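Presented below is the structure to which this report refers.
The values are calculated or read from the model by the stated rules, or taken from the named source; none is laboratory data. Owing to the predicted nature of the structure, the values given are computational and were not obtained by experimental measurement. So basically every Cβ, Gly included, is an ideal-geometry build from the backbone, and we count neighbours across all protein chains shown. Ligands, DNA and RNA are stripped out before the accessible areas are found, and what is left, the full protein with its side chains, is counted by its heavy atoms. Shrake-Rupley method; radii C 1.70, N 1.55, O 1.52, S 1.80 Å.
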Amino acid sequence: MSCLFVALDVETATYERISICEIGIAIINNGNITERRSWLIQPPNNKYEAFNSFLHGIRPDDTKDKPFFPEVWKEIYPYVQNKIVVCHNAAFDMGAIRDALEHYDMEYPTFDIMCTIRLSKKTLPGLSCYSLDSVYRGMFDKKMNNHHRACDDAVACAEILLECLKRKNIITLNDIETEFAIKIGHISHDSYCNQHAIKSAKNNRTNIKATDIIGDSQKQDPDNYFYAKLVCFTGAFSFCYRKELQQYIADIGGTPVRRFNWQVQN
């Protein structure tokens with residue numbers, strides 16, 4: 001494919017998504033990785049959680065003199081504007097980017113969004129885990145380099161994307177959406193929609209009614225927020241199926257429903 005993809009990865013300093021401390025990208029052009037870059041970023045108050053630093057190895061001393069997100073984003077913006085941005089777990093990376101843009105009152109860019117989790121599930125079914133390092137090891141039979149550093153994670157994501165497209169003989173963007181039963185996402189100044197699953201001829205999962213979902217009594221959790229509540233899911237879901245969410249609600253002691261009867265609720 002001749003389309004220009006940009007694989008992107010975000011690392012955060014704390015559990016808050018706005019605490020971006022590193023962004024990495026890998027440029028894909030004509031089926032090859034042609035450029036890779038990363039930027040260290042000073043998170044708000046240069047605050048870090050020990051667990052996050054344990055994962056990626058970035059600490060306050062590494063970013064105390066680095067620019068804040070707005071200055072770095074000015075450099076990244078030309079790379080992603082009007083491109084196809086690919087992440088492994090795009091919900092997290094795009095959530096962090098959106099939170100940072102809103103925190104600093106910056107305008108959204110415009111680009112399409114793809115996530116390699118669903119692509120890898122369709123290309124490499126049967127893995128027990130679809131984390132970036134697990135998919136990379138399963139797909140290439142080797143460990144990836146420097147997992148949780150943004151540039152290396154972006155490169156791994158790019159390599160996974162290229163391998164998925166290669167194994168499925170993908171030629172066009174329409175082929176991607178058809179083969180993987182997805183709708184490519186999009187972000188702009190007035191809209192946001194992450195990549196999501198769509199029904200297709202290849203998606204023949206049985207349509208189970210919410211009322212048919214039976215919970216596991218051994219998993220009931222009275223302390224869970226959804227315990228003993230009626231729960232209705234609407235819309236499309238990026239990384240699981242509606243019936244899986246309904247099963248979770250039933251297991252913890254809630255009741256999944258197709259629609260609410262507000263007279264009953266009131």
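Need pairs with beta-carbon distance below 7 Å; first residue touching a residue at least 60 places away in the same chain (Cβ under 8 Å) and within segment 137-152, second in a loop (DSSP other than H, G, I, E, B) and open to solvent by less than 50 Å² (accessible area, probe 1.4 Å); sequence gap 6+ or separate chains.
Short answer, once both residue conditions are applied: Asp152/Met144.
Can you confirm whether segment 169-176 contains a residue that is out of contact with any Gly (no Cβ under 7 Å at 6 or more places or on another chain), farther than 19 Å from Val10 by Cα and open to solvent by less than 50 Å² (accessible area, probe 1.4 Å)?
Yes: segment 169-176 contains one or more residues that are out of contact with any Gly (no Cβ under 7 Å at 6 or more places or on another chain), farther than 19 Å from Val10 by Cα and open to solvent by less than 50 Å² (accessible area, probe 1.4 Å).
For residues in segment 1-49 being at pLDDT 95 or above and on the phi > 0 side of the Ramachandran plot, which is most open to solvent (accessible area, probe 1.4 Å)?
Top of the filtered list is Asn45.
Can you give me the number of residues within segment 102-135 that are β-branched (Val, Ile, Thr) and part of a helix (DSSP H, G or I)?
4
Cβ-Cβ distance below 6 Å, separation of 6 or more or different chains: which pairs start in segment 24-35 with a residue that is over 10 Å from Val155 (Cβ atoms) and end on one that is modelled with pLDDT under 95 and among the polar types (S, T, N, Q)?
Pairs that qualify, where the first residue is over 10 Å from Val155 (Cβ atoms) and the partner is modelled with pLDDT under 95 and among the polar types (S, T, N, Q), are Asn30/Ser2.
Does segment 50-59 contain any residue that is farther than 14 Å from Thr14 by Cα and open to solvent by less than 70 Å² (accessible area, probe 1.4 Å)?
Among the residues of segment 50-59, not one is farther than 14 Å from Thr14 by Cα and open to solvent by less than 70 Å² (accessible area, probe 1.4 Å), which makes the answer no.
Checking Glu159 against (1) at negative phi; (2) open to solvent by 20 Å² or more (accessible area, probe 1.4 Å); (3) part of a loop (DSSP other than H, G, I, E, B): exactly one of these is not met. Which one?
For Glu159, the failing item is (3).
Where residues in segment 136-145 are open to solvent by 100 Å² or more (accessible area, probe 1.4 Å) and in a loop (DSSP other than H, G, I, E, B), which of them is farthest from Ser120 (Cα to Cα)?
Among those that are open to solvent by 100 Å² or more (accessible area, probe 1.4 Å) and in a loop (DSSP other than H, G, I, E, B), it is Asn145.
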